[in-house]
Amino acid sequence: MVLLTMSALGAFAVGWASLGGVGYFLYAKSRFDAVRPVDALIVLGGEHDGREEYGIELARQGVSSNVVLSHPYWKGDRKMAEFCAIQDQRFTVTCVPPQPSTTRGEALFTRDLAAQHGWTSVMVISWRYHLPRARYIFSQCFDGEIVMRPVPRDYDFSVAHWEYIYLYQTVGFVKAFFQGRC
C-alpha cells in the first residue's frame, strides 16, 4: 500500500514537472508579434497592470486611431472610468463589457466592432502567458489580421503560481477547442 502511494506521488510529481517545463516554453516564453499599424488596439481585461496605459501609448504613437478597452470590471472602477473618458484628437477610446466576460466574449465584441467599422486588422494586448490561448480564440472569431502583444511587464510569480497559470491556460485551450468557431 505504501509503495503504491509513493508510486502515485512520483507519477504526480513527474506530471506536474512536465506541465511546468512545457508550460514555461508554451506560455511564459510565448511568441508575440512586432508592433505595426492596425485598425484597432484591443486591450483585454485582467489586472490594471499597465495594459490600458500601453494601449493608449501605442495609439499616441500612431499605431491605431481606435482603442477598445475590455471592461469586465465593476461599474465603480475608477481607473476604467478615467481610461474610458480619455479625449484625444488622434484616437478614440471605446469601452466594452464582454458578453460573456471571457476571452471569447472579447473576441466576439472584436468581431462585431470590426464588421461595424470595416476593420481588417487588430492588435490584441494581454499577459504574455495568455497570448497563445487568446490568439487561438481570436482566430476562431475574427477573420482579419491578428497581432499579439504582451503587456510590457515582468512576472514575479512563485513556482506554484506558474503551475496554476499553465494548468489554467491549458484547460482554457481545451475549452476553446470544444467551443469551436464563433
Segment His161-His117, length gained on full extension (0.36 nm per residue, minus Cα span): 11.9 nm
Taking Cα atoms, the helix 159-179 axis meets the longest principal axis of the chain at an angle in degrees (rounded to 10) of 70 degrees
On a 0 to 90 degree scale, rounded to 10, what angle separates helix 131-141 from the longest Cα axis of the chain? 60 degrees
Please compute the Cα-Cα pair-distance distribution of the chain with 10 Å bins starting at 0, giving whole percents from short to long. 9, 34, 33, 14, 6, 3, 1, 0
Would you kindly state how much longer the chain becomes between Cys182 and Ala28 on full extension, computed as 0.36 nm times their sequence separation minus their alpha carbon distance, in nm to one decimal? 52.8 nm
Distance between Cα centroids, the range 122-145 to the range 52-107: provide it in whole Å. 16 Å
If you count only protein heavy atoms with a 1.4 Å probe, what accessible area per residue comes out for the chain, rounded to a whole Å²? 55 Å²
Which far-off residues, 5 or more places away or on another chain, put their amide H under 5 Å from the one on Glu145, with H placed in the peptide plane? Ser121, Val122
What is the angle, in °, between the Cα long axis of helix 51-60 and the longest principal axis of the Cα atoms in the chain? Nearest 10 is fine, range 0 to 90. 40 degrees
Packing-based order for 145-153, 29-37, using average beta carbon neighbours within 10 Å, highest first: 145-153, 29-37
Over 19 Å, how big is the tail of the calculated P(r) for the range 45-123, in percent of all Cα pairs? 36 percent
Which chymotrypsin sites (Phe, Trp or Tyr not before Pro) does the range 58-104 hold that lie in a coil by DSSP with at most 14 other beta carbons within 10 Å? Trp74
Using a 1.4 Å probe on the protein heavy atoms, what percent of the accessible area of the chain belongs to carbon and sulfur? 61 percent
Counting each DSSP H run of 4 or more residues in the chain as -39500 (n - 2.57), what helix-only mean residue ellipticity at 222 nm follows after dividing by all residues, to the nearest 500 deg cm²/dmol? -15500 deg cm²/dmol
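The values are calculated or read from the model by the stated rules, or taken from the named source; none is laboratory data. As the structure is a prediction and not an experimental result, all values here were calculated from the model. Every residue, glycine among them, receives a Cβ derived from its backbone with ideal geometry; neighbour counts consider all protein chains shown. All accessible areas refer to the heavy atoms of the entire protein, side chains included, with ligands and DNA or RNA removed. Shrake-Rupley method; radii C 1.70, N 1.55, O 1.52, S 1.80 Å.
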